[in-house]
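*Asks:* Got a structure for you, questions after.
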Amino acid sequence: MKRGGVKSISELVRATCREEGLETPLNEYRLIKAWSQVLGENVNNYTGEMYIKNQILYVHVTSSVLRQELMMNKKNLVRRLNDHVKAQVITDIILK
């Protein structure tokens, strides 16, 4: 048997996830979990339900002051969250 090229396990897992259609849901899950890491525990304490639909992250924020501050930094937040996951998962954030 002839060996073609040697691939690392991480490359094989990533390729398998992509083939099975699991890459997008996995990245979405990682991005939601990254919210507290990127923004910190103080912001996370005022955060409720979060979900992603059509590349838009919907976040329920209980503090109106925090919601307003996050709205002013939406583009930066989108970039930081996508960079943390190392994939283009979301394009916008809607704060409720």
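Rule-based calculations on the coordinates, nothing more; no lab input. What you see is a predicted model; the values in this text were computed from it and never measured. In this analysis, Cβ positions are derived from the backbone assuming ideal geometry, glycine residues included, and neighbour counts consider all displayed protein chains.
*Asks:* Under a straight-distance cross-link criterion of Cα-Cα below 25 Å, which lysines are reachable from residue 75, leaving out those fewer than 8 residues away in the same chain?
*Replies:* The reachable lysines, counting only those whose Cα sits under 25 Å from residue 75, are 33, 53, 86, 96.
*Asks:* Same structure, new question: Hey, got a sec? Which trypsin sites (Lys or Arg not before Pro) in segment 1-81 land in a DSSP loop and have at most 11 other Cβ atoms within 10 Å?
*Replies:* 2, 3, 7
*Asks:* Additional query: Under the rule of -39500 (n - 2.57) per DSSP H run of 4 or more residues, summed and divided by the residues of the chain, what mean residue ellipticity at 222 nm is obtained, to the nearest 500 deg cm²/dmol?
*Replies:* The helix-only estimate for the chain comes to -17500 deg cm²/dmol at 222 nm.
*Asks:* Using +1 at the Cβ of each Lys and Arg and -1 at the Cβ of each Asp and Glu in segment 1-91, identify which of 64, 35, 15 lies farthest towards the dipole's positive end.
*Replies:* Farthest along the dipole direction, towards plus: 15.
*Asks:* Which net charge results when you count Lys and Arg as +1 and Asp and Glu as -1 among the other residues whose beta-carbon is under 12 Å from that of residue 16?
*Replies:* So the environment of residue 16 carries a net charge of -1.
*Asks:* Additional query: Given Cα pairs under 8 Å that are at least 6 residues apart, what percent is the relative contact order of the chain?
*Replies:* Here the relative contact order equals 29 percent.
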